[in-house]
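Enquirer: Below is one structure. I have some questions about it.
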Amino acid sequence: MKKWILILVTFFSCSTLAADWSTTSISYLKGSNFSEQFGSDNNQTELTFEHASGWSYGDNFFWFEGTNADFDSKQKAPSLYGEWSPRFSLGKIFGFYNRDRLVQDVLISNTLEFDTSRAVKQLYGLGVDLNFAGFQFFQINFYVRNDPTRTGSTFQTTIAYKKQFDFHEKIRMTWGAYIDIVHGKEGTKSDSTLVESHFHTAQQILLDIGHFFGKSNSFYSGMEYQYWNRKYGTPVSSGGQVENNPKFMIKWIL
């Protein structure tokens, strides 16, 4: 996992120089309602690094997150998780990209998911960028999902969007979210690798603190609400739980 992070951070540091646009951020989150079927500590701290950039023929999104239970707790060791999602724009490659249409672009979508294990989950498929009034972006990606540690493959739909609200010349808020929907099952019950279909979302409502001082898009504070109808896709019979978890969040744009 650490090797993947080093490689990708180095890659994005170099690629940012050639990007048409880029944004990088660090976020701190604190929640106390995590559903941990493998431990009893439900208070956790998260530190998240995110990088997004666009170039002539596509875009990249990369993030990794370090999670730790309460510092006073010895029940759970820190964990690392990350994703890299490079997409290739068919609209820009073949000349039909149009930011003013409802369907702005069609893209070849890919995602790699990696954690402290050595197995890298692979997702590949197609995505569309949509033009909805008031949204800074609205993306839908359709994937075939392959976990090398489990038999079979399944499908996943990922939706991501962001919208800005100006309530006053000094008051600006953003609403950003992703929704992951995993369709079908992977693995088998006989070897305890079964993962069932599940739905997972994180909804962020943030106040642009920097906007108060004439430095918009530099520092945010607010909350993230995380919902998981079956955490990790673990079957209910094996301890799978629903998670409803509001988290305090602050975010720095680098």
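Enquirer: How about the range 118-139: which of its residues are over 18 Å from the mean Cα position of the chain (by Cα) and closer than 10 Å to K163 by Cβ?
Expert: Within the range 118-139, F132, A133, G134 meet the criteria.
Enquirer: Still on this model: For residues in the range 174-201 being open to solvent by 40 Å² or more (accessible area, probe 1.4 Å) and of a type in the set (A, V, I, L, M, F, W, C), which is nearest to M223 (Cα to Cα)?
Expert: W175
Enquirer: Please enumerate the residues belonging to the range 43-66 that are at pLDDT 90 or above and either among the basic types (K, R) or over 16 Å from the mean Cα position of the chain (by Cα) (or both).
Expert: G54, W55, S56, Y57, G58
Enquirer: Please identify the pairs in which a residue from the range 171-196 that is without any contact (Cβ under 8 Å) to a residue 24 or more places away in the chain has its Cβ atom under 6 Å from the Cβ atom of a residue that is part of a strand (DSSP E or B) and of a type in the set (A, V, I, L, M, F, W, C), counting only partners at least 6 apart or on another chain.
Expert: Final answer for the pair search is I179/I159.
Enquirer: Is it fair to say A69 is open to solvent by less than 40 Å² (accessible area, probe 1.4 Å) and either at pLDDT 90 or above or aliphatic (A, V, I, L, M) (or both)?
Expert: For A69, the condition - open to solvent by less than 40 Å² (accessible area, probe 1.4 Å) and either at pLDDT 90 or above or aliphatic (A, V, I, L, M) (or both) - is met.
Enquirer: Are any of the residues in the range 80-94 surrounded by 14 or more Cβ atoms within 10 Å (Cβ to Cβ) and at pLDDT below 90?
Expert: yes
Enquirer: If you scan the range 200-230, which residues turn out to be out of contact with any Phe, Trp or Tyr (no Cβ under 7 Å at 6 or more places or on another chain) and hydrophobic (A, V, I, L, M, F, W, C)?
Expert: F212, F213, W228
Enquirer: If you take the residues in the range 214-254 that are of a type in the set (D, E, K, R), in contact with a Gly (Cβ under 8 Å, 6 or more places away or on another chain) and not in a strand (DSSP E or B), which one is most open to solvent (accessible area, probe 1.4 Å)?
Expert: The qualifying residue most open to solvent (accessible area, probe 1.4 Å) is R230.
Enquirer: Taking Q136, is it of a type outside the set (A, V, I, L, M), surrounded by fewer than 18 Cβ atoms within 10 Å (Cβ to Cβ) and on the phi < 0 side of the Ramachandran plot?
Expert: Judged against the criteria, Q136 is a match.
Enquirer: In the set G176, G187, G210, which member is over 23 Å from the mean Cα position of the chain (by Cα) and within 22 Å of F135 (Cα to Cα)?
Expert: None of the others qualify; the one that does is G210.
Enquirer: Now for a separate question. Just name the residue that is modelled with the highest pLDDT out of those in the range 202-213 that are open to solvent by less than 60 Å² (accessible area, probe 1.4 Å) and not in a strand (DSSP E or B).
Expert: I209
The values are calculated or read from the model by the stated rules, or taken from the named source; none is laboratory data. For clarity, every value in this text was computed on a predicted model and none was experimentally measured. Positions of Cβ are backbone-derived with ideal geometry, glycine not excepted, and every protein chain shown enters the neighbour counts. The accessibility values were calculated without ligands, DNA or RNA, using every heavy atom of the protein model including side chains. Shrake-Rupley method; radii C 1.70, N 1.55, O 1.52, S 1.80 Å.
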